[in-house]
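Notes follow the structure.
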Amino acid sequence: SHGSCSASMPHRSILMERFTKQRLMLKRLIIRNMSEKKFLSILESLQTRSIITWFLFVPIAILNGIAREFMYKPVVGDLTAHQISTVIACIAFFLLAYSMLKEQVSRATNRTLLLVGAMWVGMTVLFEFTFGHYVDGISWERLLADYNIFYGRVWGLFLLFILMTPLLAKRKGK
């Protein structure tokens, strides 16, 4: 009886070692998959996708400004070009935001969606004034003039539009 016990002891330790290794491998796999799931969940989150959406809009807005300056401003003049480019920016931003966020906005509360819109407004104003002044060399007065609706400058309406875009995207998705 002692002989069989001692013969099975090494076998038990080998089994325990294998079990421990398998448990460790399973634990690592679960942790890795949880990390991947968490990463995918973060990527799919409204907040992350909203920020990505805004950054994707930046080159579109720059191209819109280039098109305005070189294509139709010489033909229609500054004020009309500004108004056309603002309408184009609204349409482009909505299409981008809707395509990026249609699933996320359907699950979000209206309050959350307004916070996303407010974040976009803040990022836009910060970008507009920082890029406009320090990169494009536009004076502060000229930058502020784009917000004066009494002179036909409708850029402020774009800000109102992007504030409301998440709610509009939710409504369109219904």
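The values are calculated or read from the model by the stated rules, or taken from the named source; none is laboratory data. These numbers come from a predicted model, not from an experiment. Methodologically, a virtual Cβ is constructed for each residue, glycine included, from the backbone with ideal geometry; neighbour enumeration extends over all protein chains shown. Just the protein is used for accessible areas: all its heavy atoms, side chains included, with ligands, DNA and RNA removed. Shrake-Rupley method; radii C 1.70, N 1.55, O 1.52, S 1.80 Å.
Quick notes on this one:
- Complete set of residues in region 97-132 that are β-branched (Val, Ile, Thr) and either surrounded by 14 or more Cβ atoms within 10 Å (Cβ to Cβ) or under 14 Å from Phe55 (Cα atoms) (or both): Val105, Thr112, Val116, Val121, Thr124, Val125
- Where a residue in region 160-174 is farther than 18 Å from Ala89 by Cα and touching a residue at least 60 places away in the same chain (Cβ under 8 Å) and its partner, wherever it lies, is of a type in the set (D, E, K, R) and in a helix (DSSP H, G or I), with Cβ under 6 Å and at least six apart: Gly173/Lys102
- Qualifying residue in region 82-95 (condition: free of Cβ contacts under 8 Å to residues at least 40 places away in the same chain and farther than 20 Å from Phe57 by Cβ): no
- When Ile91 is tested against (1) closer than 24 Å to Arg142 by Cα; (2) open to solvent by 30 Å² or more (accessible area, probe 1.4 Å); (3) hydrophobic (A, V, I, L, M, F, W, C), just one condition goes unmet, and that condition is (1).
- On the stretch given as region 125-146, residues that are in contact (Cβ under 8 Å) with a residue 60 or more places away in the chain and closer than 17 Å to Pro59 by Cα total 1.
- Note on region 133-146: residues that are open to solvent by less than 70 Å² (accessible area, probe 1.4 Å) and either in contact with a Pro (Cβ under 9 Å, 6 or more places away or on another chain) or modelled with pLDDT of 90 or more (or both) amount to 6.
- Among the residues listed as Ala67, Ala61, Ala81, the single one being more than 20 Å from Leu95 (Cα to Cα), open to solvent by less than 60 Å² (accessible area, probe 1.4 Å) and either at pLDDT below 95 or hydrophobic (A, V, I, L, M, F, W, C) (or both): Ala81
- Test for Phe55: is it surrounded by 15 or more Cβ atoms within 10 Å (Cβ to Cβ), within 19 Å of Pro166 (Cβ to Cβ) and of a type in the set (Phe, Trp, Tyr): no
- Residues in region 147-173 that are surrounded by fewer than 18 Cβ atoms within 10 Å (Cβ to Cβ) and not in a helix (DSSP H, G or I): Tyr147, Asn148, Gly152.
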